[in-house]
Each structure stands twice: as C-alpha cells, then as structure tokens.
Amino acid sequence: MRKYTVSLLIALLVPALACAAPNPKLAMPEFAGLAQKATESVTITLDTALLAMAGKFLDGNDPQDAATKEVIKGLRGIYVRSYTFDKDSAYQQADIDAVRSQLSAPGWTRLVETRSRKTRANVDIYIMIDKDQAVGLALIASEPRQFTIVNIIGAIDLDKLHKLEGQFGVPKLDIDLSKTPAQGPAK
Amino acid sequence: MSQDIESGMRAALRPVAPSDEFSQKLLAQVVADPPARSKSFRLVSQGARPLGWWLTASLAASLILAVGIQQHLQEQRLRQSGLEARREVLQALQVTSQKLNLAYEAVKSQSTSLAGEKPGV
C-alpha cells in the first residue's frame, strides 16, 4: 500500500515538475492559409537527430561549414517559418501574436525590440536563460511583405554566433546578457 | 546304357586348364583395352557438381547481391537526408542572420541619431 502511494505521488509530481520547467520550444502554428498566399515560404524543422546528421555532412575544412558546425554543436532544435508576399499587409498581426503571446511566459526575456520607420521592419529578439546559459532564442521579424519566426533551442553560444560575422553576414550585435533588455523601440 | 551316357557327360564336362598361350593373350587384351567405367564415376572424376550444389550456390549469391543492393540504397538515402539537413541548417542560419541584421541596422541607426542629437558629440 505504501509502495503504491509513493508511486502515485511520483506519477503526479513528474508531469507537474515538467510543466513548471520553462520550455524554450515554441508551438508554431501551421500557417496553412498564409503559405497558400505567400510567393515564397520557408519552413525548416530541425530536431536533435537532424542537426546531428547535418553536422556529419558539414565539411570541417570549409570555413563556412566549420563555423556552422561550431554554432550547432550544442543545439537541440532550429525552427524557422518565413513567408514572403507580393503585396503589403497580406498577413494579419494576429497570425504572429499567437507566437508572440508564448514569449510572455516565464523564462523568456526580451533582449532586443526594434521598430524602424525607415524599413518598416519590427524585430523582437527573446532569449531564455537557465543557469547563466542561453537555452532558447526566439526571433520575430515582421516587415510589410514578409514575416519570419525563428526559434533556436539548446546551448546557444552568442559568442559563436558573433563569430559567424562574415559568414552569412551575421552582424555583431554586442549582446551582453548582463545588460537590461529592451533598450527601447527604434523610431 | 545310362552308365554310358553318364560317363560320356563326365568326360565332356571335365575341367580343363587353359593353355599358357590363352592366359597371355587374355592379359594382353586387358592391358590394351581397359574395361568401361560407370557414367557417374566418370562425371565425378572430371570435377562436375551435382544440380543441388548449383542451386544452393545460386541462392546464396542472389541473397548476398540483394543484401548488398539494399545496403547501397539505404546508404544513398541516408546521404541524401544528410545533405538535405545540411542545406536546411545553412538556410536557417542565413535567414536568422538576415533578421539579426535588420535589428542591427535599426539599433545602429538609433545610436547614430541619438549621437547626432547630443550636443558636442
């Protein structure tokens, strides 16, 4: 009887504990309607197994491949949804808000929020930190004819991401985890 | 009368030893023309295999070939999947970097405009 009680307690506690731990993986909507309207759509879903497989096919002798290999080393998933349209305002903000609302959950910290009148692009970068290490990155970029959602899960090394400068044209953002996030919207 | 017949038959059927000449002729004939062997003995002595052996060997060879082809196809599929995963990783990082660049440009232009607003800077 005592053994049964202990087992029952464990069975009840484990899911509760799992729910309590912040989850860096975002629930991405299907965006089926948008995909039909879009002139170009990018849907990438890479889990741990696929990342490991990709790592085997990255050439260590090629600088770009070598840098990529370093970046994805500690990652557990990369998820990208990007849709490009042939006219302005072809998508609704509500489409993005379903994802954005998840970023107000505990664990997520907004690192960068930019609003540009010049390019009419809004970019929000969120990060999830666990034990002084980034374990999740979420990026939402909305432009008049395009919106992009990127979710990266795993041990994100921002230094290595910086070192990708020159590869893919990644800029140095001077992102310092000790600084307070959300410097304010750009005008 | 019966005795005469009996003695006549005995005399006719008595064993007679062959002459030396006969023995020599017979031996010479045996050496010149050896006796014919059986067909199965001839086949085995020439190295031929029975039909069952050939069937087994063909089956084994087919099995090995099938396994080899399947392994090759599996490796091809694995390679294709790996290359596709690599392409997607590169594309994902490219898209991420493009959007990071957007944020960077916005932050940079804000910094520039703020610097321009401050007097004496």
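Derivation of every value follows stated rules applied to the coordinates shown; laboratory data play no part. This is a predicted model, so every value here is computed, not measured. Backbone-built Cβ (ideal geometry, glycine too); neighbour counts: all protein chains shown.
Couple of notes before you dig in:
- The residues A:Asp130, A:Asp157, B:Asp4, when put in order of fewest to most other Cβ atoms within 10 Å, stand as B:Asp4, A:Asp130, A:Asp157.
- Net length gained if the chain between B:Gln24 and B:Glu6 were fully extended (0.36 nm per residue, minus Cα distance): 3.0 nm
- Estimated at 0.36 nm per residue, the fully extended path between A:Asp157 and A:Lys56 surpasses their Cα-Cα distance by 34.4 nm.
- In this simple spin-label model, placing a label point 7 Å from the Cα along the Cα-to-Cβ direction at both A:Ala94 and A:Ala35 gives a separation of 2.1 nm.
- Here the scattering of the range A:22-163 is modelled by Debye summation over its C-alpha atoms, one equal scatterer each and no solvent; at q = 0.14 Å⁻¹ the log10 of I(q)/I(0) is -0.73.
- Taking label points 7 Å from Cα along the Cα-to-Cβ direction, B:Ser113 and B:Ile64 give a separation of 7.6 nm.
- Shielding of peptide A:42-51 by partners, expressed as the average count of other chain Cβ atoms within 10 Å per residue Cβ, is 3.
- Taking Lys and Arg as +1 and Asp and Glu as -1, the other residues whose beta-carbon sits under 15 Å from that of A:Arg145 total -1.
- Among the residues of A:79-92, the average count of other protein chain beta-carbon atoms within 10 Å of the residue beta-carbon is 1.
- Placing a pseudo-label 7 Å from each Cα along the Cα-to-Cβ vector at B:Glu84 and A:Ser101 gives an inter-label distance of 3.4 nm.
- Note on A:Phe147, B:Phe22, A:Phe85, A:Phe31: ascending count of other Cβ atoms within 10 Å places them as B:Phe22, A:Phe85, A:Phe31, A:Phe147, the fewest first.
- Ordering A:Val112, A:Phe31, A:Ile127 by the projection of their Cα atoms onto the charge dipole of the range A:22-163, which places +1 on the Cβ of Lys and Arg and -1 on the Cβ of Asp and Glu, puts A:Val112 at the extreme positive end.
- Entries in A:Lys25/A:Lys73; A:Lys25/A:Lys118; A:Lys69/A:Lys118 that, when Cα-Cα distance is taken, lie over 28 Å: A:Lys25/A:Lys118; A:Lys69/A:Lys118
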